[in-house]
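Everything below concerns the one structure shown next.
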Amino acid sequence: MSVLPGSRREKSMDLFSKVPLVEIPVMITPEEKAWLEMMLRKGKIAVPPGGSLPEGSVISIFMRTMLWNSEELRQNLDIVPKEALDALLAKKELLEIRIQISADQKAWLDNIRVPDKTPLSPNDSAVSLFVRVLLENAMEQQKALEQADPWADDDEE
């Protein structure tokens, strides 16, 4: 049975039509969103060879890669220092973005739990908090790389 694009029964697939994708909302900070957009503009998060994709698809590919790595390393919110979680939770201005992740990643994320006595605001979730932890870590790593290589962004000036 064929399914029309845009219908409820349409299944999203990855670039190679091998992995079923599901779309989920996540809450991130304006700074994290701006960082993702800047990384795309600078080509640090690149479109796969031979194609052009909408910005949201490229961000989703980046997020799937980060989530896959976290799953492989068996990372979760329990390993994040309380001070780091508190700093993230103190940022009250959150924006919703929608990302496409694999069905397997969604099942894995559904098991992410917030450590005891960690208060979430009503519009927040353990999944969003985990994604913010990953993004903050990526932002710190990128900043360290740029500081280590002072010539890295010369072509941007």
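The values are calculated or read from the model by the stated rules, or taken from the named source; none is laboratory data. What you see is a predicted model, and the numbers here were worked out from it, not measured in a lab. All Cβ positions, even for glycine, are placed from backbone atoms using ideal geometry, and neighbour counts span all protein chains on display.
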TODO: Please give the number of the condition Glu93 fails out of (1) within 21 Å of Leu120 (Cβ to Cβ); (2) at pLDDT below 90; (3) in a loop (DSSP other than H, G, I, E, B).
DONE: (2)
- [ ] Kindly establish whether Gln100 is of a type outside the set (Val, Ile, Thr), touching a residue at least 24 places away in the same chain (Cβ under 8 Å) and not in a helix (DSSP H, G or I).
- [x] yes
Open item on the list: Among the residues of the stretch 61-88, what is the count of those that are in a helix (DSSP H, G or I), touching a Lys or Arg at 6+ places or on another chain (Cβ under 9 Å) and surrounded by 14 or more Cβ atoms within 10 Å (Cβ to Cβ)?
Closed with: 2
Task: Any hit, the stretch 56-73, residues being closer than 23 Å to Ser121 by Cα and out of contact with any strand residue (DSSP E or B) (no Cβ under 8 Å at 6 or more places or on another chain) - done: no
TODO: Go through (1) in contact with a helix residue (DSSP H, G or I) (Cβ under 8 Å, 6 or more places away or on another chain); (2) modelled with pLDDT of 90 or more; (3) farther than 21 Å from Met38 by Cβ and name the single condition Lys106 misses.
DONE: (1)
